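The next block holds one structure in the form of structure tokens; read it before the comments.
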């Protein structure tokens with residue numbers, strides 16, 4: 001199976017998107033992360049759900065986890081306010097790595113190796129080429145999540161075992 005066959009439509013956000021809206025998108029759809037794209041729709045970063053959770057937790061609690069035990073529920077409910085007025089770009093790590101991008105003809109194993117190497121919950125599938133003006137660009141075809149890839153790989157393994 002090729003990457004183009006595994007890729008599905010997926011939620012994307014821009015660096016300027018509202019962080020609170022992005023967090024809601026992650027939560028409501030139970031996504032492992034969001035693909036961050038630029039104004040042309042080209043993949044620029046992956047915002048893992050875990051990074052969004054980190055954006056909610058005050059730095060002093062991250063540095064001293066024992067403080068988390070003494071924060072009462074009333075104050076914990078205020079954590080979501082930490083995203084108010086912030087953008088997705090504010091929640092990305094300072095040195096955000098470019099997102100892993102698979103070519104449409106990459107095999108499932110190549111996608112799995114890429115995902116494992118960069119430890120990303122998702123891989124963008126995109127065609128690289130020149131547009132009508134001769135400018136090199138990337139056209140997003142879809143995304144492959146780790147859970148979807150596992151499902152496909154385990155399904156293929158089950159088929160080969162039973163045959």
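Remarks
- Residue 63 being loosely packed, with under 11 Cβ neighbours inside 10 Å and closer than 27 Å to residue 114 by Cβ: no
- Residue within segment 7-19 that is surrounded by fewer than 11 Cβ atoms within 10 Å (Cβ to Cβ), under 20 Å from residue 125 (Cβ atoms) and touching a strand residue (DSSP E or B) at 6+ places or on another chain (Cβ under 7 Å) present: yes
- Checking 40, 34, 83 one by one, the residue that is touching a strand residue (DSSP E or B) at 6+ places or on another chain (Cβ under 7 Å), touching a residue at least 12 places away in the same chain (Cβ under 8 Å) and closer than 13 Å to residue 17 by Cβ is 34 and no other.
- Subset of segment 86-134 (residues that are within 25 Å of residue 18 (Cα to Cα), modelled with pLDDT of 90 or more, touching a helix residue (DSSP H, G or I) at 6+ places or on another chain (Cβ under 9 Å) and not in a helix (DSSP H, G or I)): 86, 87, 92, 99, 100, 101, 120, 121, 122, 123, 125
- Looking only at residues in segment 37-68 that are part of a loop (DSSP other than H, G, I, E, B) and within 17 Å of the chain's Cα centre (by Cα), the one that is modelled with the lowest pLDDT is 41.
- Residue match in segment 151-158 (condition: surrounded by 16 or more Cβ atoms within 10 Å (Cβ to Cβ), at pLDDT below 95 and part of a helix (DSSP H, G or I)): yes
- Within segment 23-36, the residues that satisfy the criterion of being outside any loop (DSSP other than H, G, I, E, B) and over 11 Å from the mean Cα position of the chain (by Cα) are 23, 24, 25, 27, 28, 29.
The values are calculated or read from the model by the stated rules, or taken from the named source; none is laboratory data. In this text, all values refer to a predicted model and were calculated from it rather than measured experimentally. Cβ sites come from the backbone with ideal geometry, for glycine too, and all protein chains shown count toward neighbours.
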